[in-house]
Amino acid sequence: MTEEAPDPKTRNPPWTRDELLIALDLYLRHRPRFLEPHSPEIQEASALLNRLGAALGVEGRATYRNANGVAMKLMNLKSLDPTASGKGLSSASRGDAEVWAAYAHRPAELAAVVARIREGLAVPPPPILEEEEEEFVAVEGRLLTRLHRRRERDPKIVRRKKEQTLKARGALACAACGFDFQKTYGDLGAGFLEAHHTTPLSEAQESVQTKLADLALLCANCHRMIHRAKPWLSVAALKALLEQERLAEAVSSGRSRAGGGR
Ligand SMILES: [Zn+2]
Ligand SMILES: [Zn+2]
């Protein structure tokens, strides 16, 4: 297995996760058929990868994700396929192995992710992630992460979500841990919570408008923890995790009180 580095022959940048998802989808759809570089499938994928590279700001050479490169990538993926015969000499990179492990057994979900990436390329490009957000890029890749961030930062719908919640509950509290910024920070914290879009990335169609019910209001900590997990956690899963930690904490502090009478 080779490390991620520019291709020594073409000096093109290593394949990003988004690109590998597209390549793996293509491979799984057509195996065991070998796709020639001049086949329409490879040509289409090469064009798609070039549009994606442009959207993600990847700098490549004239040969960037050309038909030969795509066909070669399918050979790399084939070398990971236990059902394939005649593996040849091509070796897979760590990135190849990661997408294989994540999606080779879930072709339908992968197809949905790739469909969302295609849709994402048809809309105005989402803003580039800030450096501190880069570490929370989803297993579904950078483009879908950016679209998620744009959806949940739409100021109009976030304001409406907060108004609706305030009206219904009389206060704004984190949907996972219950933290209320106003209770802790007074007027400074009034109205402060972040919105998280709860639709899984593979289902979040660009043509579908965000509904208030799609958003969960979270404190900054809980929101970051959801995005830190791979794959991202659901709000319910984070809530369960917090509950579990609270119980564990209660048990261990009870134990130390009981045993602490020295
Ligand atoms: Zn919270
Ligand atoms: Zn979010």
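A few notes on this one:
- Residue of T83, T198, T145 that the Gaussian network model of the chain assigns the largest fluctuation, springs spanning Cα pairs under 10 Å: T83
- When each of H227, H196 is scored by the number of other beta-carbon atoms lying within 10 Å, the sequence from fewest to most is H227, H196.
- Derived scalar couplings ³J(HN,Hα) [region 119-129; Karplus, 6.51 cos²θ - 1.76 cosθ + 1.60; whole Hz; x for Gly, Pro]: 4, x, 7, 8, 9, x, x, x, x, 5, 5
- Dipole of the chain [Lys/Arg +1, Asp/Glu -1 at C-beta], most positive-end residue of T210, F181, A195: F181
- Charge dipole of region 106-233 about the Cα centre (unit charges at C-beta), most positive-ward option of P125, A220, I157: I157
- Cα gyration tensor shape of region 138-201, rounded if a/c is under 1.5, else prolate or oblate by comparing a/b with b/c: prolate
- Proximal lysines to K211, defined as alpha-carbon separation beneath 29 angstrom and excluding residues fewer than eight positions away on the same chain: K156, K161, K162, K167, K183, K230, K239
- Two-decimal log10 I(q)/I(0) for the chain, as the Debye equation yields it once each C-alpha is a single scatterer, q = 0.07, 0.08, 0.11 Å⁻¹: -0.34, -0.43, -0.72
- Virtual spin-label span in nm between Y185 and R159, 7 Å along Cα→Cβ: 1.9 nm
- Cα-based equivalent ellipsoid, region 34-183: semi-axes from gyration tensor eigenvalues, Å: 40, 18, 13
- A DSSP coil position with no more than 14 other Cβ atoms inside 10 Å describes the following GluC sites (Glu not before Pro) in region 22-60: E59.
- Taking 7 Å steps out from each Cα toward its Cβ at R150 and E203 produces label points 2.2 nm apart.
- Rel. contact order, % - alpha carbon contacts under 8 angstrom, at least six apart, the chain: 17 percent
- Sorted by Cβ density within 10 Å, fewest first, the residues T63, T184: T184, T63
- Centre-to-centre separation between the Cα atoms of region 211-225 and those of region 92-113: 28 Å.
- Taking Cα atoms only, the orientation of helix 94-103 departs from the longest principal axis of the chain by about 70 degrees.
- Residues H148, H105 in ascending order of nearby Cβ atoms (within 10 Å, fewest first): H105, H148.
Every number in this text was worked out from the coordinates using simple rules, so none of it is lab data. Worth saying up front: this structure is predicted, and the values here are computed from it rather than measured. Neighbour counts run over all protein chains shown; Cβ positions are idealised from the backbone, glycine included.
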